[in-house]
1. I'm trying to understand the selection: among the residues of segment 7-45, which are among the basic types (Lys, Arg) and open to solvent by less than 60 Å² (accessible area, probe 1.4 Å)?
2. Can you list residue pairs whose Cβ atoms sit under 7 Å apart, with the first residue in segment 34-45 being closer than 9 Å to GLN24 by Cα and the second being open to solvent by less than 80 Å² (accessible area, probe 1.4 Å) and of a type in the set (S, T, N, Q)? Count only pairs 6 or more apart in sequence or on different chains.
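The values are calculated or read from the model by the stated rules, or taken from the named source; none is laboratory data. From a predicted model like this one, the values you see are computed outputs, not experimental measurements. Don't worry about glycine lacking a Cβ; one is built from the backbone with ideal geometry, like all the others, and counts go over all protein chains shown. Please note that ligands, DNA and RNA were not included when accessible areas were found on the heavy atoms of the full protein model with its side chains. Shrake-Rupley method; radii C 1.70, N 1.55, O 1.52, S 1.80 Å.
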Amino acid sequence: MTKRTNSYRHKLVHDAGADFVAYQRNSGEGVWQTVSVWMIPQQVF
């Protein structure tokens, strides 16, 4: 899932232990640079 606003976007990334939200900016010619990453921990049942 990717949500874009002009030259910035939020991208949801799934991993085995947690989910992450990456905040990225377009640095030109379609190249996206990660500015910040937040971890969303998964619940242990």
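1. ARG9
2. THR34/GLN24; VAL35/GLN24
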